[in-house]
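A short worksheet on the structure shown next.
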Amino acid sequence: MTSSAWRQEWPTYRVRLIDITARHLVDGQARASRGELPGWNDITPEHQSNFSDTVAAVFVAQARAFEEIASDSGNDQDWRAYE
């Protein structure tokens, strides 16, 4: 999947989930650093997009990991539904 292709390929609710998750991660880092790192509203739209792309990649990797675990355990659950 190319770097923002997921925005067109995934349902709207999943895209929103990714963006909100990225925002919470960035804002959490800002709070944990006591303001040394910028919050979501302080970074450029390009950086916001990069964070969202990273979160989307984690979602895909997690879905693949679930699929691997399911196949290792003999479970027939189709984890690709989470990609």
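Values in this text are rule-based calculations from the coordinates and carry no lab data. Fair warning: this is a prediction, and the values are worked out from it, not measured in the lab. So basically every Cβ, Gly included, is an ideal-geometry build from the backbone, and we count neighbours across all protein chains shown.
General observations
- Low-density loop cleavage sites - GluC sites (Glu not before Pro) in the stretch 8-54, where at most 14 other Cβ are within 10 Å (DSSP): E36
- Within the stretch 1-43, the ratio Rg/Rh, alpha carbon atoms throughout and Rh by Kirkwood, equals 1.12.
- Estimated vicinal HN-Hα couplings, Hz - the stretch 12-21 in sequence order (Karplus 6.51, -1.76, 1.60; Gly, Pro = x): 4, 4, 6, 4, 5, 4, 4, 4, 5, 4
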